[in-house]
1. In what order do 22, 96 fall by count of nearby beta-carbon atoms within 10 Å, going from fewest to most?
2. Could you please rank 41, 75, placing first whichever residue has the fewest other Cβ atoms within 10 Å of its Cβ?
3. Restricting to DSSP H runs of at least four residues, report the calculated mean residue ellipticity at 222 nm for the chain, -39500 (n - 2.57) per run over all residues, nearest 500 deg cm²/dmol.
4. Kindly put 77, 85 in sequence by how many other C-beta atoms sit within 10 Å of each C-beta, fewest to most.
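Taken together, the values in this text are just the output of simple stated rules run on the coordinates, not laboratory data. What you see is a predicted model, and the numbers here were worked out from it, not measured in a lab. Using ideal geometry, Cβ is built from the backbone for each residue, glycine included, and neighbour counts are taken over all protein chains shown.
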């Protein structure tokens, strides 16, 4: 999957006013965007302070910085909610800790 994905891992990103990334969107043509949320090494490089994840729809994954402003948090919640409610294959309206993807 990593070889097939190449660089960049995400298909989109949300930026702060200073140009830094606060969220990555993974919505690849192959339909396996959420699988890229398992690229934890890359995601920890992007978000060294930590990150959360969302899979609102079968073909959409988001990696989200743990450090968000209130405005950024509301934008993320809106994106997740909209994708879940309007998606053809909804998965979850929740935002999870990154460790929730890994089996204990």
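1. Fewest to most other Cβ atoms nearby, the residues stand as 96, 22.
2. Values: 41 8, 75 15.
Listed from fewest to most nearby Cβ atoms, that is 41, 75.
3. On the way: 3 runs with 28 residues, N = 104.
Result for the chain: -7500 deg cm²/dmol, rounded to the nearest 500.
4. Working: 77 14, 85 11.
Neighbour counts put them in this order, fewest first: 85, 77.
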